[in-house]
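The values are calculated or read from the model by the stated rules, or taken from the named source; none is laboratory data. Owing to the predicted nature of the structure, the values given are computational and were not obtained by experimental measurement. Note: ideal-geometry Cβ built from the backbone for every residue, glycine included; neighbour counts use all protein chains shown. The protein model used for the area step is the full one, side chains on, heavy atoms only, and it has no ligands, DNA or RNA in it. Shrake-Rupley method; radii C 1.70, N 1.55, O 1.52, S 1.80 Å.
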Amino acid sequence: MATGGRAAGEVRAVRTDDPSQNPHSSGDGSSWPEAPGVGEFPVREAGGTGATGRGQGLSRGDIDFGGCGKNRGKFVKVPSSMAASALFDLLLNEWRLPAPSLVVSLVGEEQACPVRARLRDTLRRGLVKAAQSTGAWILTSALRVGLARHVGQAVRDHSLASTSSRARVVTVGLASLDRVLHRQLLDPVPEDSPVHYPEDGGGSPGPLSALDSNHSYFILVEPGPGGQDGATELLLRLEKQFSQRTGYGGAGGSMEIPVLCLLINGDPSTLERISRAVEHEAPWLVLAGSGGVADVLAALLGQPQLLLPPVAEKQFREKFPGERFSREDVLHWTQLLQKIAAHQHLLTVYDFEQEGSEELDTIILRALLKACKSQSQEARNYLDKLRLAVAWDRVDMAKSEIFSGDVEWKSRDLEEVLMDALVGDKPEFVRLLVDSGADVADFLTYGRLQRLYRAAPPKGLLFRLLQRKHEEGRLTLGLGAPREPPAPAFSLHDVSRLLKDFLQDACRGLYQVGGARSPERGPARRPGGQKWQLDLNQKSEKPWRDLFLWAVLQSRHEMATYFWAMGQEGVAGALAACKIQKEMAHLERDAQAGRALREAKYEQLALDLFSECYANSEDLAFALLVRRNRGWSRTTCLHLATEADTKAFFAHDGVQAFLTRIWWGDMASGTPILRLLGAFLCPALIYTNLITFREEAPLRPGPEESPELHSLDPEKELLRGPGAKEPAPDHRAPGGRGPQAIFLLTRWRQFWGAPVTVFLGNVVMYFAFLFLFTYVLLVDFRPPPQGPSGPEVSLYFWVFTLVLEEIRQGFFTDEDTHLVKKFTLYVEDNWNKCDMVAIFLFIVGVSCRMLPAVFEAGRTVLAIDFMVFTLRLIHIFAIHKQLGPKIIIVERMMKDVFFFLFFLSVWLVAYGVTTQALLHPHDGRLEWIFRRVLYRPYLQIFGQIPLDEIDEARVNCSLHPRLLEDSPSCPNLYANWLVIVLLVAFLLVTNVLLMNLLIAMFSYTFQVVQGNADTFWKFQRFHLIVEYHERPALAPPLILLSHLSLLLKGLLHGGAPRKRARLERELPEPLDQRVVTWEAVQRESLLGRLERGRRERPEQLLAKTAHRVDLLAQHLAGLREQDKHIRGLQSQVTYCTMLLSSVAEALAQRGPPGSAAHGGQGGGTESPEAGRPPSDP
């Protein structure tokens, strides 16, 4: 087999040969350096002079194994005296290995022996899986024999199954060179010369073994002086070096590297290795049930007081039945066992075959914590164990072992671990760390927040969106797109731009210089000639909101829910998350990720919280809706709900009750419509008791206190108009003309300013407009010489006022955006599109009617335009409680009609073209072709069948002057029977099949929409109320006066006057803080109720029962162990009793004191029996 290696793989080795400068030389002629200091590893490339001054370079290279796997690894040959620090630096710097978060040193059987399936599963699903989740290193013997072979296979399988390249298992094999098969192939060769290493099946003869091809890195140690085991010595020094160095700290920090020795099986010589390791305070995990020394330790560590040579000999004979041990070996091993047992805090026994036993990662963590607790109680010594608990998501271990109250934790100690938990999506750990003292306000700086965004998965949607924003920013600045960025380069400014696309005004100025401090609308202005430079060391002003947005963008819904529960402005935050979720669901290409986004329940969170608030206090709940949220760029909950299109939120009873108050203004809700019409036609009636206005208690704030601080009814201040700061006194009270004038003016504003009055006026005037349009179109539409008449000119003026109102709605709004954006928002409304079409057709019709040549075309266009204006009434009737839902259903059924027309058109064209070709093959008149192909088949559906032109028995061209026999209109009777068959088939398909299909579609649509029609109607009702709340009080054509008034106010006050005081309110600071605190209290009440409901669910009760059963099983297993221990003690007592009995018999046989010599000979015959321990029952 040694000669077959030339055709299997290759090794590229590099070496520097200069024996004259190095007194230490190996058997193959390669030179070895003395042990260099820390950071000095004498490695150099061929042809260079890179030596350390104390020696020349090391022989190292790449090893390529044969076989179909084509595995490749690296190797280095080192002397046994090499410094461990230099070897550690070689692994990190030369081989570019990631610094480990955990080092597991595998100690045990190194001979070819069968391994039980349960043990293989433990290595595969326990050790390798735990190491893979943390990016750990596993140290083995590097040989394709024993445990190293099985660990290598497990690592290979997990590497093939894993799709992540971040947390990979690094297997480092350390072996003595004199045990390696084909070691002559690893001798130095010329530079870059291929040398093959053979593939070995694992059946190597003799003491030599081949290197395991599933390992990645090999450290081959030359034998020490005098044939000593240099590999073991170097391994001990390397383990100690690991424990003294710092490595990976998760999200960028540096923590100590924990080292754990795992004992599996092993021969008695392993005790020397364990004894020396515990002297260095290295923790050990013993796998009971794996055989060999591991079982010996597991049996004896529980009773260290009985560690006597007879007991030890008995255990060795049981575990190694085919071996013979000398008395000296047993005594030596007993001393080693006693020395090992003295370090109980470093030893942990794990029985993997025991029912209900914990997972291996939990036992590893428990072993490390056990060793750590015995050494120190400082928090920094527990950070590496806490990081492992985070990596393995063992929050239960962290609660019971780390945060048990023995260690005093400070916020700065937990910052890097908190970063690990955030990046690793461990919400339970984030909660635990915050509860244990981590201060998020001190933790979250803008720099850390930027690191969180940059840690987004490269294949995720957020990473792609931020990368695109970053590239767009570079192109805008003229820097060009980067070729291949080595790492995510996007910043918080790119995040701000992305959030601006999602939330529009709700995140304006976020993560920008001065943006968060801008109290009013509009982003902060950029200093002239400067870019956005955010101080990354600055702490976040609203850390919970920033973490909530980060979690929502990362689609980590459980963590986002926790941040939402910890932050403020819960209703606004949930609505903003709902908007982001819907936008990202539209952009997500992955079906599974898109489904997860759509299943997020942020809208339900907003609904539940608002329901809790509304049940507690209606007035404060109304204040919550119109309050400008300071954490969301002064936007209101109503604005966020509109942006997020949360129809269920608007359908809530509390929101509808608030909209009802807005709709009626200061009038009592439920006022009969007839009374409003009476007051509309006779305005003097508003000063009588015909219409009831809402009672208002006089609030007269004094100079020292504000009523908002103590009033439990803040909606009175919120819902009153901006000019009604002081209520008008009763008009019946005695006084002068001043109070009477104030009363008259106030009552006038209260009536005409209410949205219901504005709506009623627009409805009445719109009917008048349609009546005028009808009169002009049917009665008084004169040609150009006689017209236009007076009523027609009035119609033109009326439409002109409508155009002015549409311009005001589209461009003169409160939104601080550019004109293109305003026009885009205006066009998004379908009814605005209808208005644009109506106005456009009216302009075209009027332009045509002014010209005599196209006068009739103008009449036609205006007639069509009248249809469009009349259909506009549907939007007005949408406010009705009964008609509104039906209009929604009709809109949805119109989509079904279009699908039906598609199928119908297919049959119409197929039947029409065929019949035209059969009946009139010589008629080439185009107008008649379209009439017979499309129009006649459509009429036949409704029963108008021209049998005189189809049925041969009834066709007679001579009876009709127009249907002469030589005329192309005369039907061709050649295939008349086929026409009849096609007619029957056509009527069967259209009248029976397609019509019933349309009815079924209508029925299904009605059933589906009927349940949600009320929700959709309430959502449309909100938009209608907002529209008429913002409209001027007068309706067209009198609205021109309101437009002139608005124009004058704008010129005098320097800005467009706002009429949204009832829908947006800037609360004073004390009242604003009171509303925020009240909302937080309601959220805590809601979360407590939801948690109680979650605990009472059947699945939670079942999980709790299963946990109790597991605890009971563990308790029973402990009882079995105690029973076994008691049986062992009973056997020992029996043995001592027998020994004492034999001594007593010997003493009795001695007789009187004079026969002492004879008694001594008799006693000596019992010594062989006394040294033999009894066997366990």
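Here are some notes:
- Residue pairs whose Cβ atoms lie under 8 Å apart, separated by 6 or more positions or on different chains, with the first residue in segment 461-474 and open to solvent by less than 20 Å² (accessible area, probe 1.4 Å) and the second β-branched (Val, Ile, Thr), are Leu466/Val495.
- Out of Glu415, Glu408, Glu428, sole residue that is open to solvent by 40 Å² or more (accessible area, probe 1.4 Å), under 30 Å from the mean Cα position of the chain (by Cα) and closer than 30 Å to Thr561 by Cα: Glu428
- Test: residue in segment 645-654 that is part of a helix (DSSP H, G or I) and within 24 Å of Pro1068 (Cβ to Cβ): yes
- Residue match in segment 160-177 (condition: at pLDDT 80 or above, among the basic types (Lys, Arg) and either surrounded by fewer than 18 Cβ atoms within 10 Å (Cβ to Cβ) or farther than 23 Å from Ile264 by Cβ (or both)): no
- Taking first residues from segment 750-762 that are within 17 Å of Phe1022 (Cα to Cα) and partners that are in a loop (DSSP other than H, G, I, E, B), the Cβ contacts under 6 Å between residues at least 6 apart in sequence or on separate chains come to Ala754/Gly665; Val758/Arg1031; Val758/Ala1033.
- Residue tally, condition touching a Leu at 6+ places or on another chain (Cβ under 7 Å), open to solvent by 20 Å² or more (accessible area, probe 1.4 Å) and without any contact (Cβ under 8 Å) to a residue 40 or more places away in the chain, over segment 763-777: 1
- Filter pass, Met836 being under 52 Å from the mean Cα position of the chain (by Cα), in contact (Cβ under 8 Å) with a residue 60 or more places away in the chain and assigned to a helix (DSSP H, G or I): no
- For segment 375-405, the candidate set comprises residues that are surrounded by 17 or more Cβ atoms within 10 Å (Cβ to Cβ) and among the acidic types (Asp, Glu); within that set, the residue that is farthest from the chain's Cα centre (by Cα) is Glu401.
- Every listed requirement among (1) of a type in the set (A, V, I, L, M, F, W, C); (2) closer than 30 Å to Gly509 by Cα; (3) not in a helix (DSSP H, G or I) is met by Leu825 save one, (3).
- For segment 907-927, the count of residues that are within 25 Å of Leu994 (Cα to Cα), in contact with an Asp or Glu (Cβ under 9 Å, 6 or more places away or on another chain) and either at pLDDT 80 or above or not in a helix (DSSP H, G or I) (or both) is nonzero.
- Any hit, segment 316-329, residues being open to solvent by 20 Å² or more (accessible area, probe 1.4 Å) and among the polar types (S, T, N, Q): yes
- Segment 928-951, subset open to solvent by 30 Å² or more (accessible area, probe 1.4 Å) and outside any helix (DSSP H, G or I), residue nearest to Val981 (Cα to Cα): Asp951
- The number of residues in segment 199-222 being at pLDDT below 80 and crowded, with 17+ Cβ neighbours inside 10 Å comes to 3.
- If you go through segment 108-136 and keep only what is part of a helix (DSSP H, G or I), farther than 16 Å from Asp212 by Cβ and either open to solvent by 50 Å² or more (accessible area, probe 1.4 Å) or among the β-branched types (Val, Ile, Thr) (or both), you end up with Ala117, Arg118, Asp121, Thr122, Arg125, Lys129, Ser133, Thr134.
- Qualifying position, being closer than 29 Å to Asp435 by Cα and within 21 Å of the chain's Cα centre (by Cα), among Gly631, Gly570: Gly570
- For segment 702-722, the condition holds for no residue, the condition being that it is among the polar types (S, T, N, Q) and modelled with pLDDT of 50 or more.
- Being assigned to a helix (DSSP H, G or I) and under 22 Å from Lys542 (Cα atoms) is a property that Ala621 lacks.
- Residue in segment 606-618 that is closer than 17 Å to Glu558 by Cα, at pLDDT 90 or above, part of a helix (DSSP H, G or I) and open to solvent by 20 Å² or more (accessible area, probe 1.4 Å) present: yes
- Residues of segment 841-897 that are surrounded by 18 or more Cβ atoms within 10 Å (Cβ to Cβ), under 17 Å from Leu802 (Cα atoms) and not small (Gly, Ala, Ser): Leu841, Phe842, Val846, Leu862, Asp865, Phe866, Phe869, His875.
- Conditions (1) modelled with pLDDT of 75 or more; (2) farther than 23 Å from Val552 by Cα; number of the one not met by Ala489: (2)
Results for (1) more than 21 Å from Arg627 (Cβ to Cβ); (2) in a loop (DSSP other than H, G, I, E, B); (3) in contact with a Gly (Cβ under 8 Å, 6 or more places away or on another chain); (4) at pLDDT below 55, shown as yes or no for each residue.
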residue	(1), (2), (3), (4)
His493	yes, no, yes, no
Gly514	yes, yes, no, yes
Pro519	no, yes, no, yes
Gly528	yes, yes, no, yes
Arg545	no, no, yes, no
Leu549	no, no, no, no
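- When segment 182-198 is filtered for residues that are modelled with pLDDT of 70 or more, over 51 Å from the mean Cα position of the chain (by Cα) and part of a loop (DSSP other than H, G, I, E, B), the ones remaining, listed by number, are His182, Asp187.
- Test for Val897: is it part of a helix (DSSP H, G or I) and without any contact (Cβ under 8 Å) to a residue 40 or more places away in the chain: no
- Against the criterion of being within 27 Å of Ile950 (Cα to Cα) and of a type in the set (Asp, Glu), Asp923 qualifies.
- Candidate set: segment 739-762, residues that are β-branched (Val, Ile, Thr) and open to solvent by 20 Å² or more (accessible area, probe 1.4 Å); chosen: the one nearest to Glu805 (Cα to Cα): Thr746
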